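Here is the structure we will look at, set down as structure tokens.
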Amino acid sequence: MTKKILILFFILTMHGCGFNPVYNSSNETKYKISINEMTGDKFINNIIRNEIYKNSNENSKQTLEININTFYEKIILSNDTKGSPSEFQLIANTELQIIGNNKTIINNFVEKQIIKNTSDSFGQKNYEENIKENFAASISRKFNIRLLTIK
């Protein structure tokens, strides 16, 4: 009996706590987004652009202009006994500049991944492209959450 009362009490208190999921359908972007400039890594920038346009509200009268600058780097961390690279660090550093409402907001996002080198160069290249796609998707999600907080 006390378990039922405890569960009922817990459900009633959680109902009034104000929890609201981030990706709720009522949390749509209030802005029409236009991208002015994209510099840096084209592969990552194109994925970010497509994800941003998916969340743009084309019917809105408020417009935000976005500038995207992405720097992608592949750093050799260690070499094997022959001197060839055995471990890399992939870094994507993206700056998204939001221009709107007579102010400019700069957002920096950094994604890092350490990978091992393989003898299969085709497989290695595909793996790196997959990581770049994941970097772009992660940056897009973080940016869309940031857009929801803009007033």
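The values are calculated or read from the model by the stated rules, or taken from the named source; none is laboratory data. Worth saying up front: this structure is predicted, and the values here are computed from it rather than measured. No Cβ is skipped: glycine too gets one built from the backbone with ideal geometry, and neighbour counts run over all protein chains shown.
Quick look at the numbers
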{"read-out": "Subset tally (residues that are among the hydroxyl-bearing types (Ser, Thr, Tyr), touching a strand residue (DSSP E or B) at 6+ places or on another chain (Cβ under 6 Å) and under 26 Å from TYR31 (Cα atoms)) for region 81-115", "value": "1"}
{"read-out": "Verdict on GLU51 being over 30 Å from LYS30 (Cα atoms), touching a residue at least 40 places away in the same chain (Cβ under 8 Å) and among the charged types (D, E, K, R)", "value": "no"}
{"read-out": "Long-range neighbours under 6 Å by Cβ, at least six apart or interchain, first residue over 14 Å from PHE43 (Cβ atoms) and basic (Lys, Arg) within region 66-81, second modelled with pLDDT of 95 or more and surrounded by 12 or more Cβ atoms within 10 Å (Cβ to Cβ)", "value": "none"}
{"read-out": "Residues being hydrophobic (A, V, I, L, M, F, W, C), in contact with an Asp or Glu (Cβ under 6 Å, 6 or more places away or on another chain) and buried (at least 17 other Cβ atoms within 10 Å of the Cβ) - total across region 67-100", "value": "1"}
{"read-out": "Selection within region 104-144 - among the charged types (D, E, K, R), surrounded by 15 or more Cβ atoms within 10 Å (Cβ to Cβ) and outside any helix (DSSP H, G or I)", "value": "GLU111"}
